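Trainee: What follows is a structure written as structure tokens; I'll ask about it next.
The values are calculated or read from the model by the stated rules, or taken from the named source; none is laboratory data. All values reported here derive from a predicted model rather than from experimental measurement. Cβ: placed from backbone, ideal geometry, glycine included. Neighbour counts: every protein chain shown. Side chains included, ligands, DNA and RNA excluded: accessible areas come from the protein's heavy atoms. Shrake-Rupley method; radii C 1.70, N 1.55, O 1.52, S 1.80 Å.
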Amino acid sequence: MSPLVPGLGGLIKGSPVPRDNDSAWLLDVHRRGIPGADTMARYHDHDEVDMVIVGAGAGGGTLAQRLARRGWRIVVLESGPFWDPDRDWVSDEAGQHQIYWTAPRVIGGTDPVQLGKNNSGHGVGGSMIHYAGYTPRFHPSDFHTRSQDGVGADWPIAYEELRPHYERVERELPVAGQDWPWGDPHAYPHAAHPVSGAAEVAREGARRAGITMRVGPVGITNGVFGNRPHCIYRGFCLQACKVNAKASPFVTHLPDAIAHGVEIRADSHVTRVEFDGAGRCTGVVYMHDGVEHHQRAAAVVVAGYSIETPRLLLNSAGPRFPDGLANEHDQVGRYVMVQGAPQVAGRFAQTMHQYKAPPPEISSEDFYETDPERDFARGFTIQTVGPLPIGWAEHVLADGHWGHPLREYMRDYAHWTTLGLLCELLPQPENRVTLAQETDAHGMPVAHMSYSQCENDRANIAYGKRVLEHIWEAAEAQDTLTIDRYAHLVGGCRMGTSPETSVVDSDHRAWGIPNLFVCDGSVMPTQGSANPALTIMALASRLADRLGDKRVGEARAATAGAHV
Amino acid sequence: MAHSFQTGEHLPHNRPEGDPPDPQGLPRQRAGVTPQMHGRFPDFDVMAHREHWDPVTRRTLEERVAQVPACRFFDEREQRTLGAFLDVVLAQDSEPRIPVLQMVDKKMADGKLDGYRFDDMPPDPETWKRVARHLDGFAERSDAEQHEVVRRFSGGELDWDDLNVSRAWSVVMRGALSEFYSHPWAFNEIGFRGPAYPRGYMRRNMGPTGVDPDEPQEAFGLDPVRDLQQRSA
Ligand SMILES: Cc1cc2nc3c(=O)[nH]c(=O)nc-3n(C[C@H](O)[C@H](O)[C@H](O)COP(=O)(O)OP(=O)(O)OC[C@H]3O[C@@H](n4cnc5c(N)ncnc54)[C@H](O)[C@@H]3O)c2cc1C
Ligand code: SF4
């Protein structure tokens, strides 16, 4: 398939497409819809497939591609639609409502997290359809913050176990950026993108303030990569990239998965996991066109992200598991995390039109690690964000303006450039997803998400905002505007070493249910201050190795009869 | 009068009263429409670039401008109250106005909601209704009274038994701003080039060499009368 003849690799400009994932070559040069959607494998509900995956996002999509290459027969059930970007997407901030998870959810706690467009996606490709595109790795320290810094939790796996998968996924996206000096220093397959004037001003301010910023890392092609188009720098990454320049499983893994026999069944919302008398899953119940279906499977993987995954485990309660699946010790839904993501914008004499770039341009991890000089543990990253007009209006509103002052700041849009933080907020048991009284269109209880910050969180966010103010001062900004907000979701079904303190083991297997796995952002015990998508994909890639090599003890039994 | 936006002295934070200069002093829009016909970029009309957009996006924006839906969700009394309230919070004190009330109404009627609500709040459509009820009579108040009510609403200083006032402010303002700043007339006012697909941008660096072809030009330093005379000469 791949035209990369051995020996010629060195002659081809850009980054060679990995040999074990043909997605970039399978894309059509003239159309944005992914090929194979009409001709892909179809399984019957009563066929026992080797694996059913709930959710076609970062975790589910990557896992499907990897295992399909090893011959597993897989059905991915996705609640949302199968996109055709040419037909379904618009390059417009308000017109992309349909790509977000907009079914009802309830939020609470002392610092509620507003969801909607700022959280999960709905549709084939999952939340990476509208993620910004930053693809940093976690630092090695993220995997043992409890023993190193006395906060958070230790993962049951170490950074070194993910490193080969980070490298592999970075080649598949492919990631563009400067050589990365932080964490485990590494280089990227594509060179850094040219930066816009808006990011240049921020970089100069940081330089004067003694802070290092680097260009990247972004999952946006910057050169030749199969049939993936180049970025055209028009700033709509958070509204879904109609160009296909921005990486998401939709373009990086699902074409190859489909070519290797995976069925992606869209508009199929899973409402329950089903069991036999022995406590093994037998498949799932899902709704398609208002009709209830059952898909049989030898193994079930839940990959619905940090709110829907715990909700599905809780909603699957039955006589055998009265408190929900893997929830004997009341762990499901706990330790949900977000990152503190305040943004401070700076104003300059010249116009920059900050929308003339992908929002993710440059970042700094200078403040990532715990620093004894500061009064809190762990840290934050600094990144450019590039709000479009509605995002900019929310920013101005949050700074306390309405009426004429608001309109004036809005008219001034062209003169502003915006930096954001991702502050590591600590995992806490009471930050959790539970079931609300209210039900959704399928009659299932919706999720309630409670969120409250702790003192360390508040100190981290406050310190970070002062650093941003300092950068703009150094850059001689004429004015600043600030908004407090959150970004990203992880946790809720964390991996660990015992059922008393976690939901899944280091192989993503639900405690007490041998053929049920969780493979998405919800398994993370901590979140660092890196954006999570690359790590979610790397975890899925690692899980595929573990399952495919049959190194997950009982998975072998779970998939007996499968032609692995 | 000459405008210069270089120094930033026109910005509310940099002015003693925290109020911007009267927008009537801004240039009149010459190309396309802006809300109230004033703006920074008098010769910029985003819709003039529509033939360069992909057909689906083009249709979305054309319909947004052309089709003003009639209210189905708010009754007449609510429309009067909320219409007056939205004019104040969005500073739409004259025609042409972006029909934000109708746009919000359509969203509520269609149930196109954001997918979450605070556990101490009703769903958004009900929040809007309750806000309308609490602000009843707003349309009949004087400018100064209206301003004072909105100031207290924005600061969470009102006392409403069945609504958390700060959250209600956030719900209605985010709702209103999402509509206002989705409208191509607002793009014209702030110099936003909209879809830019499939064309994209070419020059993106700082300074004069970073100005892209067709980039909206700010009318700072121009005397509108003299400028117009020059243009028509
Ligand atoms: C505005 C925004 C910007 C972001 N920017 C970045 C960024 O720059 N970098 C980064 O790394 N991350 C970013 N993220 C976060 C990133 O997108 C997510 O962390 C990641 O995609 C989550 O992967 P996942 O596999 O856990 O879930 P998802 O990718 O969300 O996939 C879950 C899928 O499961 C489906 N699903 C859920 N429940 C069911 C059910 N019951 N039945 C069937 N299907 C179901 C959903 O529809 C969804 O498609 C951003 C997120 C947002 C919202
Ligand atoms: S800026 Fe680039 S990556 Fe982002 S949406 Fe546009 S083309 Fe895609």
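Trainee: Kindly provide the set of residues from the range A:42-54 that are open to solvent by 10 Å² or more (accessible area, probe 1.4 Å) and not aliphatic (A, V, I, L, M), ordered by number. Before the answer, list the steps.
Mentor: Taking the range A:42-54 as the starting set, the residues that turn out to be open to solvent by 10 Å² or more (accessible area, probe 1.4 Å) are A:42-48, A:54.
Of everything in the range A:42-54, those that are open to solvent by 10 Å² or more (accessible area, probe 1.4 Å) and not aliphatic (A, V, I, L, M) turn out to be A:Arg42, A:Tyr43, A:His44, A:Asp45, A:His46, A:Asp47, A:Glu48.
Trainee: Does B:Pro23 satisfy the criteria of being out of contact with any Pro (no Cβ under 8 Å at 6 or more places or on another chain), at negative phi and without any contact (Cβ under 8 Å) to a residue 60 or more places away in the chain?
Mentor: No; evaluated as a whole, the condition is false for this residue.
Trainee: Among the listed residues A:Val113, A:Val124, A:Val175, identify the single one that is open to solvent by less than 10 Å² (accessible area, probe 1.4 Å) and within 30 Å of B:Gly207 (Cα to Cα).
Mentor: Every option except A:Val175 fails the conditions.
Trainee: Only residues in the range A:224-241 that are open to solvent by less than 10 Å² (accessible area, probe 1.4 Å) count as the first member; pair them with residues that are among the aromatic types (Phe, Trp, Tyr) and more than 14 Å from ligand 1 (Cβ to nearest atom), Cβ under 7 angstrom, at least 6 apart or cross-chain, and list the lot.
Mentor: A:Gly235/A:Tyr355; A:Ala240/A:Trp89
Trainee: Just one of (1) touching a residue at least 24 places away in the same chain (Cβ under 8 Å); (2) more than 14 Å from chain B (Cβ to nearest Cβ); (3) open to solvent by 10 Å² or more (accessible area, probe 1.4 Å) trips up A:Asp38, so point out which.
Mentor: (1)
Trainee: Can you tell me which residue in the range B:95-111 is nearest to the other protein chains (Cβ to nearest Cβ), limited to those that are open to solvent by 50 Å² or more (accessible area, probe 1.4 Å) and either within 20 Å of the chain's Cα centre (by Cα) or at pLDDT 95 or above (or both)?
Mentor: Applying the filter and picking the extreme gives B:Lys107.
Trainee: Looking at (1) within 16 Å of ligand 1 (Cβ to nearest atom); (2) more than 26 Å from A:Arg69 (Cβ to Cβ); (3) touching a strand residue (DSSP E or B) at 6+ places or on another chain (Cβ under 9 Å); (4) of a type in the set (Asp, Glu), which one does A:Asp289 not meet, given that it meets all the others?
Mentor: Result: A:Asp289 passes all but (3).
Trainee: Given (1) at pLDDT 95 or above; (2) crowded, with 22+ Cβ neighbours inside 10 Å, identify the lone condition not met by A:Asp149.
Mentor: (2)
Trainee: Looking at (1) more than 30 Å from A:Trp511 (Cα to Cα); (2) more than 16 Å from ligand 2 (Cβ to nearest atom); (3) of a type outside the set (Asp, Glu), find the lone condition where A:Ile362 falls short.
Mentor: A:Ile362 satisfies all of (1) more than 30 Å from A:Trp511 (Cα to Cα); (2) more than 16 Å from ligand 2 (Cβ to nearest atom); (3) of a type outside the set (Asp, Glu) except (2).
Trainee: Another one. Run A:His404 past the list (1) open to solvent by 20 Å² or more (accessible area, probe 1.4 Å); (2) touching a residue at least 24 places away in the same chain (Cβ under 8 Å) and report the number of the one that doesn't hold.
Mentor: (2)
Trainee: Only one of these conditions is not met by A:Gln239: (1) within 13 Å of chain B (Cβ to nearest Cβ); (2) away from ligand 1 (no atom under 11 Å from the Cβ). Which number is it?
Mentor: Every listed condition holds for A:Gln239 apart from (2).
Trainee: What helices (runs of 4 or more DSSP H) lie completely within the range A:232-333 and have 1 or more residues being over 28 Å from A:Asp505 (Cβ atoms) and within 16 Å of ligand 2 (Cβ to nearest atom)?
Mentor: Once the helices (runs of 4 or more DSSP H) in the range A:232-333 are filtered for at least 1 residues that are over 28 Å from A:Asp505 (Cβ atoms) and within 16 Å of ligand 2 (Cβ to nearest atom), what remains is A:249-252.
Trainee: Which residue pairs have Cβ atoms closer than 9 Å, lie 6 or more positions apart in sequence or on different chains, and pair a first residue in the range A:296-321 that is aromatic (Phe, Trp, Tyr) with a second residue that is open to solvent by 20 Å² or more (accessible area, probe 1.4 Å)?
Mentor: That search, which allows pairs on different chains as well, returns A:Tyr305/A:Trp101; A:Tyr305/A:Ser127; A:Phe321/A:Phe275; A:Phe321/A:Glu328; A:Phe321/A:Gly512.
Trainee: Right, next: What residue, of A:Leu397, A:Leu419, is within 20 Å of A:Arg207 (Cα to Cα) and buried (at least 20 other Cβ atoms within 10 Å of the Cβ)? Show your work before the answer.
Mentor: Values: A:Leu397 fails: within 20 Å of A:Arg207 (Cα to Cα).
Matching residue, one of A:Leu397, A:Leu419: A:Leu419.
Trainee: For the range A:204-223, give me each residue that is surrounded by fewer than 23 Cβ atoms within 10 Å (Cβ to Cβ), at pLDDT 95 or above and away from ligand 1 (no atom under 16 Å from the Cβ).
Mentor: A:Glu204, A:Arg207, A:Arg208, A:Ala209, A:Gly210, A:Ile211, A:Thr212
Trainee: Please find, among A:Val175, A:Val224, the residue that is of a type in the set (Val, Ile, Thr), within 18 Å of A:Phe138 (Cβ to Cβ) and away from every other protein chain (no Cβ under 14 Å).
Mentor: The conditions single out A:Val175.
Trainee: Moving on. State which residue is farthest from the other protein chains (Cβ to nearest Cβ) when the search covers only the range A:117-143 and only residues that are assigned to a loop (DSSP other than H, G, I, E, B) and more than 22 Å from A:His165 (Cβ to Cβ).
Mentor: The qualifying residue farthest from the other protein chains (Cβ to nearest Cβ) is A:Val124.
Trainee: So if I check each of A:Asn315, A:Asn327, which one is on the phi < 0 side of the Ramachandran plot and surrounded by 24 or more Cβ atoms within 10 Å (Cβ to Cβ)?
Mentor: Criteria check complete, one pass: A:Asn327.
Trainee: Test of understanding: among B:Arg151, B:Arg117, which residue is more than 22 Å from the chain's Cα centre (by Cα), open to solvent by 20 Å² or more (accessible area, probe 1.4 Å) and facing chain A (nearest Cβ under 10 Å)?
Mentor: B:Arg117
Trainee: Moving to a separate point now. Do we have A:Ala198 as more than 25 Å from A:Asp20 (Cα to Cα), within 14 Å of chain B (Cβ to nearest Cβ) and away from ligand 2 (no atom under 16 Å from the Cβ) here?
Mentor: Considered against the rule, which asks whether it is more than 25 Å from A:Asp20 (Cα to Cα), within 14 Å of chain B (Cβ to nearest Cβ) and away from ligand 2 (no atom under 16 Å from the Cβ), A:Ala198 comes out as no.
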